[in-house]
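S.K.: First, the structure itself, so that you have it in front of you.
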Amino acid sequence: MRQSQLFGKTLREDPKDEVAANARLLERGGFIYKSMAGVYEYLPLGLRVLERVNGIIREEMNKIGGQEILLSALQPKERWEKSGRWASLGEEVMYQFRDHSGREIGLASTHEEVVAEIAVRSIRSYKDLPLFVYQIQTKFRDEPRAKSGLLRGREFLMKDMYSFHRDTDDLNKFYAKADKAYRAIFKRCGLAVYMTEASGGTFTKEFTHEYQAPSPAGEDLIFFCENCDYAQNREIATMKEGDPCPKCGGRIATTKSIEVGNIFRLGAKYADAAGLSYTDEKGAKKPVIMGCYGIGPGRVMGTIVETYNDAHGIVWPAGVAPFRAHLIVIGNQASPKHPDKSGATGQARIKNQAEKLYNRLLKSGVDVLYDDRDDKTAGEKFADADLIGIPYRIVISERTLAKKGIELKARAESSSRIMSEAVLIKKLLRKTA
Ligand code: ATP
Ligand code: MG
């Protein structure tokens with residue numbers, strides 16, 4: 001992609017109304033555009049990152065047998081009255097209104113009700129179980145504290161998976177698989193998370209589990225063991241800082257953290273409300289046991305930015321970066337302050353070389369953003385590259401031309417190296433580092 005044509009430009013200054021680092025950096029970098037509190041538009045750079053996150057989630061959900069679906073945001077009131085949540089969610093977060101015919105409609109803040117209702121058509125006997133479906137879809141929630149950028153949207157993407165089982169044993173087996181998939185997802189996104197025990201809230205009396213990424217930007221507080229992986233959410237914590245870990249005896253510490261995902265055992269509540277049951281081997285009618293599993297891809301993206309940034313901008317982990325490399329051409333612009341030493345032919349040579357390399361990178365399958373802008377100085381281009389945070393920066397300039405090589409610098413490192421095109425491409429195509 002040519003940066004000169006990119007929809008969305010970098011900003012010199014931080015946006016005035018943003019406090020969260022993820023919102024400041026993502027808006028300044030031209031990844032997102034703020035429409036109002038908790039409502040962000042994704043521009044090409046931002047959408048690329050979001051789709052990388054979604055791609056990782058999809059792969060891991062498909063691996064454990066998930067079937068992808070897409071459910072509607074518009075919801076009839078009657079469905080939610082059956083589960084008893086029209087009133088309670090209406091008071092909390094659900095947007096509810098009347099359409100022109102006077103009918104009461106809600107915007108889904110979650111999808112247990114409808115997925116259980118649809119499952120009635122699929123699940124009749126024990127032979128139809130277990131079943132796993134998921135979607136990556138837009139949720140609406142009238143969040144009272146929408147000040148954390150992508151961490152807390154009022155319109156946001158959620159990956160929600162729902163599982164259907166014949167009994168709790170079978171649910172527990174899948175719950176462990178979902179846990180593994182979640183750990184793989186967060187690892188691939190560059191996030192170190194704790195799986196913390198949390199209260200079941202309105203869903204269940206058992207623990208639910210949250211995936212918490214330690215961060216000063218977090219709204220949650222967790223207690224975790226410095227030695228093993230044991231952790232509890234503040235709401236249910238039976239320990240305090242300095243206590244011995246109940247699992248291994250290590251020291252308990254505390255940190256602010258961001259809940260990037262969670263998994264719940266739902267029991268038969270939503271299945272019962274929707275009239276969902278199955279017949280077992282003996283012909284007896286039994287309740288269907290459900291589980292649900294959530295991740296916020298936008299919140300994950302925001303958490304990555306909170307975790308990976310420095311004084312100059314974002315430092316994307318390779319697995320979610322919008323591009324693999326950022327190709328920058330310097331000296332292609334005539335500057336009145338620094339008259340071109342080698343003259344117009346020098347400029348043309350540099351530009352020509354950069355265009356050639358750009359095409360070769362594309363042909364070799366390297367995902368590259370090409371800063372071909374003629375009206376920016378080297379300083380402006382470097383500052384933008386640091387802000388945008390693509391893992392590798394490639395420079396073509398008078399200097400590299402003279403040295404008969406290409407300059408490569410990792411965003412996370414401060415020194416660069418000059419190398420041949422063949423070595424450069426090989427390095428960029430390598431999966432890791
Ligand atoms: P929180 O306690 O932070 O409000 P929640 O318990 O309401 O989260 P769920 O309803 O279980 O979260 O949603 C599942 C996942 O969706 C969360 O783990 C989080 O990653 C994401 N998520 C929830 N609310 C938001 C939001 N307002 N903006 C962005 N992502 C969200
Ligand atoms: Mg919430």
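The values are calculated or read from the model by the stated rules, or taken from the named source; none is laboratory data. Please read all numbers here as calculations on a predicted model, not as lab measurements. No Cβ is skipped: glycine too gets one built from the backbone with ideal geometry, and neighbour counts run over all protein chains shown. Areas reflect the complete protein model, heavy atoms only, side chains present, ligands, DNA and RNA absent. Shrake-Rupley method; radii C 1.70, N 1.55, O 1.52, S 1.80 Å.
S.K.: Which residues, taken from segment 378-409, are more than 16 Å from LYS427 (Cβ to Cβ), out of contact with any Gly (no Cβ under 9 Å at 6 or more places or on another chain) and in a helix (DSSP H, G or I)?
M.R.: GLY379, GLU380, LYS381, PHE382, ALA402, listed by residue number.
S.K.: Is there any pair with a first residue in segment 248-271 that is outside any strand (DSSP E or B) and a second that is open to solvent by less than 30 Å² (accessible area, probe 1.4 Å) and within 16 Å of ligand 2 (Cβ to nearest atom) whose Cβ atoms are under 8 Å apart and which are 6 or more apart or on different chains, and what are they?
M.R.: From segment 248-271, the pairs are TYR270/GLU112.
S.K.: What is the number of the single condition among (1) open to solvent by 80 Å² or more (accessible area, probe 1.4 Å); (2) within 16 Å of ligand 1 (Cβ to nearest atom) that TYR33 does not meet?
M.R.: (2)
S.K.: Restricting attention to segment 369-377, does a residue exist that is of a type outside the set (S, T, N, Q) and part of a helix (DSSP H, G or I)?
M.R.: No: segment 369-377 contains no residue that is of a type outside the set (S, T, N, Q) and part of a helix (DSSP H, G or I).
To keep it simple, each residue is scored yes or no on (1) touching a residue at least 24 places away in the same chain (Cβ under 8 Å); (2) over 24 Å from GLU259 (Cβ atoms); (3) more than 12 Å from ligand 1 (Cβ to nearest atom); (4) not aromatic (Phe, Trp, Tyr).
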residue: MET61; (1), (2), (3), (4): yes, no, yes, yes
residue: GLN75; (1), (2), (3), (4): yes, yes, yes, yes
residue: GLY84; (1), (2), (3), (4): yes, yes, yes, yes
residue: ILE105; (1), (2), (3), (4): yes, yes, yes, yes
residue: LYS147; (1), (2), (3), (4): yes, no, no, yes
residue: LEU150; (1), (2), (3), (4): yes, no, no, yes
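S.K.: A further question follows. Only residues that are closer than 14 Å to HIS165 by Cβ and either surrounded by fewer than 18 Cβ atoms within 10 Å (Cβ to Cβ) or more than 16 Å from ligand 2 (Cβ to nearest atom) (or both): list them for segment 250-271, please.
M.R.: The answer is ARG265, LEU266, GLY267, ALA268, LYS269, TYR270, ALA271.
Residue-by-condition table, conditions (1) without any contact (Cβ under 8 Å) to a residue 12 or more places away in the chain; (2) of a type in the set (Phe, Trp, Tyr); (3) open to solvent by 40 Å² or more (accessible area, probe 1.4 Å); (4) in a loop (DSSP other than H, G, I, E, B):
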site: LEU11; (1), (2), (3), (4): no, no, yes, yes
site: ASP17; (1), (2), (3), (4): no, no, yes, yes
site: ASN22; (1), (2), (3), (4): no, no, no, no
site: GLY46; (1), (2), (3), (4): no, no, no, no
site: GLU51; (1), (2), (3), (4): yes, no, yes, no
site: ASN54; (1), (2), (3), (4): no, no, no, no
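S.K.: Give the residue that is nearest to the chain's Cα centre (by Cα), with candidates limited to residues of segment 209-232 that are surrounded by fewer than 20 Cβ atoms within 10 Å (Cβ to Cβ) and of a type in the set (A, V, I, L, M, F, W, C).
M.R.: LEU221
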